[in-house]
Amino acid sequence: MRGLTIVGAGGFGREVWCLASLLNDTGALWDVIAIRDDHPAHHRGFCDDLGADILGPVDELDPRVEEVVVAVGDPSVRRSITQRLPSGARFATLVHPGAHLGPRVTLGDGCVVAAGAALSTNIQLGDHVHIDQNATIGHDCHLEDFARVNPAACLSGTVHLGRGALVGANATVLQGRDVGAGAVVGAGAVVTRDVTAATVVKGVPAR
Ligand SMILES: CC(C)(COP(=O)(O)OP(=O)(O)OC[C@H]1O[C@@H](n2cnc3c(N)ncnc32)[C@H](O)[C@@H]1OP(=O)(O)O)[C@@H](O)C(=O)NCCC(=O)NCCS
């Protein structure tokens with residue numbers, strides 16, 4: 001039995017469940033696609049509407065039969081969940097067929113690239129990186145583990161996102177800038193200077 005477990009029954013988890021189901025329709029990759037969540041009662045109605053099964057808590061995951069993708073938006077929560085998965089966990093990387101990946105784009109384990117995202121060329125994503133819908137990632141960008149780019153955000157060329165950095169929806173990071181580990185760029189911001197690790201910036205220009 002080959003299963004795919006999506007960790008997180010929240011909004012993004014359900015989007016990733018839909019993505020996995022779409023991929024399965026075209027390739028029969030998994031026998032079972034299900035969601036795990038430590039607090040399933042919060043989300044059961046939405047999951048039932050989709051026809052998505054919610055299994056028990058994350059700690060009960062069986063790495064022999066379940067590949068995993070951690071579909072939790074908050075990078076620090078995603079990292080802590082990943083760290084407590086059973087040893088031997090195997091991670092799936094999911095790319096929507098409506099995303100564009102150019103040449104020399106490499107993705108780590110457990111990444112998600114959503115519909116309409118565009119990654120041009122010579123781009124490196126670490127493990128457990130999320131690129132959400134319609135985000136654009138320019139040439140020569142490097143995104144460290146657990147980074148996240150929210151919908152319609154734009155990373156110009158040669159941007160570096162540190163471990164667990166988050167770029168909000170519709171934000172723009174200008175070319176060559178560095179967003180430090182754990183930093184948050186607010187929705188709609190324009191980053192014109194490097195962002196210090198573990199800080200929050202917002203506005204235009206971002207401060
Ligand atoms: C920037 C951000 C991290 C701040 O979060 P927060 O610390 O909880 O901020 P608050 O909601 O308490 O707001 C604090 C102040 O910042 C302002 N503010 C919040 N987000 C802002 C943004 N993106 N741009 C400009 N101002 C913003 C608020 O209006 C408020 O102003 P006030 O003090 O004058 O009333 C957050 O608002 C944000 O933009 N996150 C990204 C969201 C995103 O991308 N969502 C898509 C999910 S798929």
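Only the coordinates and a few stated rules stand behind these numbers; no lab work does. None of the values given here were measured: they were computed from a predicted structure. In this analysis, Cβ positions are derived from the backbone assuming ideal geometry, glycine residues included, and neighbour counts consider all displayed protein chains.
Summary of values
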quantity: Residue that is surrounded by the most Cβ atoms within 10 Å (Cβ to Cβ) [pool: residues in segment 136-165 that are within 10 Å of the ligand (Cβ to nearest atom) and in a loop (DSSP other than H, G, I, E, B)]; calculated: ALA153
quantity: Output for segment 166-194, where each listed residue is in a loop (DSSP other than H, G, I, E, B) and crowded, with 22+ Cβ neighbours inside 10 Å; calculated: ALA171, ALA183, ALA189
quantity: Enumerated strands (runs of 3 or more DSSP E) restricted to segment 50-134, each holding at least 1 residues that are touching a residue at least 60 places away in the same chain (Cβ under 8 Å) and closer than 21 Å to LEU22 by Cβ; calculated: 66-70
quantity: Residue list for segment 1-49, restricted to those being more than 21 Å from SER80 (Cβ to Cβ) and in a loop (DSSP other than H, G, I, E, B); calculated: MET1, ARG2, ALA28, LEU29, TRP30, ASP31
quantity: Complete set of residues in segment 52-72 that are buried (at least 17 other Cβ atoms within 10 Å of the Cβ) and out of contact with any Cys (no Cβ under 9 Å at 6 or more places or on another chain); calculated: LEU55, VAL58, LEU61, GLU66, GLU67, VAL68, VAL70, ALA71, VAL72
quantity: The one condition in (1) farther than 23 Å from HIS96 by Cα; (2) crowded, with 18+ Cβ neighbours inside 10 Å that GLY203 fails to fulfil; calculated: (2)
quantity: In segment 181-195, the residues that are within 15 Å of the ligand (Cβ to nearest atom) and without any contact (Cβ under 8 Å) to a residue 60 or more places away in the chain; calculated: ALA183, VAL184, VAL185, GLY186, ALA187, GLY188, ALA189, VAL190, VAL191, THR192, VAL195
